[in-house]
Amino acid sequence: MAYNAHLGKVGIWASVLRGDDTARRPQIEEAAAELEELGYGTLWIGGSPSPDMAYRLLAATSRVAVGTSILNIWEHAAPEMAARHAQLTDEFGGRFLLGLGVSHMETRTGLALDHPLAHRPYSAMRSYLDMLDNAPRAVPPAGRALAALGPRMLKLAADRTLGALPYLVTAEHTAKAREVMGAEPLLAPELKVVVQPSGADRAAGRETARGYLSGYLRLANYRNSLQRLGFDESDLDDGGSDRLIDAVFAIGDAEAVRAQVDRFFEAGADHVALQVVTAETGTDLPRDEWRTLAEAMPLER
């Protein structure tokens with residue numbers, strides 16, 4: 001499909017790409033340029049990023065797409081985002097994708113709690129899209145995508161944006177999402193990865209995964225999503241059962257990760273965003289792991 005030429009088949013998702021530490025920005029920009037040279041199609045900035053963060057990565061690269069995954073709609077007014085989208089599109093040739101989400105009730109403050117639609121995430125997102133449509137220079141559907149897990153938000157993503165950016169999902173969720181969305185919209189799930197040498201102890205990899213996953217399992221929307229997929233409360237306790245870990249992570253060497261990525265493609269994904277998880281996820285720049293994975297992924301070089 002046309003958007004695969006733009007986003008590629010495989011991208012990198014990382015909150016460290018936000019560049020919050022100003023002293024490390026040169027290293028992050030250098031890493032972004034290397035990711036482009038390795039052939040990854042899209043750099044996904046995690047952790048409720050701003051357009052300024054996307055600007056820095058776009059300026060440091062020349063071909064790769066850059067997406068927010070996801071920009072919190074409660075923290076950024078729609079008219080301002082429409083104007084910034086137009087600016088980034090004009091300056092960087094359409095390489096910017098505005099990924100939007102409604103965030104988590106457990107982490108919201110200020111307007112996100114007091115807004116009339118605070119407890120109606122679907123309506124809040126639909127209203128935000130209306131404002132993007134009605135801005136002096138609208139954000140076109142092809143320039144935006146939604147963080148979506150449940151059927152209603154997935155359908156909204158299919159109807160009014162380029163598509164969906166599901167986070168913390170399984171290949172089975174991807175298959176269900178494709179059924180809801182239809183054949184054409186973008187479906188670009190995120191997949192967490194723990195890279196290990198061939199023959200390494202899988203239990204150690206699971207413990208690294210569990211340490212990172214435990215924070216997400218305190219959030220109701222992820223728990224609800226995983227329970228819809230057939231996991232029960234016991235799977236969601238203590239950082240996640242082995243069954244859960246093995247479903248939402250790829251653990252092993254590059255070939256093992258590629259096998260899990262292929263399962264997502266077989267289930268209907270157009271693009272897979274790889275998030276490398278280490279003991280220092282969020283501050284680590286896992287460049288060795290990114291290089292290792294690049295050798296096994298279906299990348300454009």
Original post:
In the range 213-241, how many are within 17 Å of residue 150 (Cα to Cα), open to solvent by less than 30 Å² (accessible area, probe 1.4 Å) and among the aliphatic types (A, V, I, L, M)?
Top reply: 3
**OP:** Would you check which residues across the range 62-88 are farther than 21 Å from residue 270 by Cβ and of a type outside the set (A, V, I, L, M, F, W, C) and list them?
**Re:** 62, 72, 75, 76, 79, 80, 84, 85, 87
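For residue 91, state whether it is open to solvent by 10 Å² or more (accessible area, probe 1.4 Å), among the acidic types (Asp, Glu), at pLDDT 95 or above and closer than 23 Å to residue 276 by Cα.
It is false that residue 91 is open to solvent by 10 Å² or more (accessible area, probe 1.4 Å), among the acidic types (Asp, Glu), at pLDDT 95 or above and closer than 23 Å to residue 276 by Cα.
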Subject >> Residue check, residue 274 crowded, with 21+ Cβ neighbours inside 10 Å, in contact (Cβ under 8 Å) with a residue 24 or more places away in the chain and not hydroxyl-bearing (Ser, Thr, Tyr) >> reply: yes
**OP:** Give just the number: which of (1) open to solvent by 30 Å² or more (accessible area, probe 1.4 Å); (2) assigned to a helix (DSSP H, G or I); (3) under 14 Å from residue 99 (Cβ atoms) does residue 57 not satisfy?
**Re:** (1)
**OP:** Identify all residues within the range 36-63 that are in contact with a Leu (Cβ under 6 Å, 6 or more places away or on another chain), more than 18 Å from residue 189 (Cα to Cα) and among the hydrophobic types (A, V, I, L, M, F, W, C); write none if there are none.
**Re:** 57
**OP:** Give the range 183-212 a look and list any residue that's of a type outside the set (Val, Ile, Thr), over 12 Å from residue 148 (Cβ atoms) and touching a Lys or Arg at 6+ places or on another chain (Cβ under 9 Å), or say none.
**Re:** 196, 209, 212
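The values are calculated or read from the model by the stated rules, or taken from the named source; none is laboratory data. A quick note: this is a predicted structure, and the numbers were derived from the prediction, not measured. Cβ coordinates were reconstructed from backbone atoms using ideal geometry, including for glycine residues, and neighbour counts include every protein chain displayed. Remember, those area values only see protein heavy atoms, side chains included, never the ligands or the DNA or RNA. Shrake-Rupley method; radii C 1.70, N 1.55, O 1.52, S 1.80 Å.
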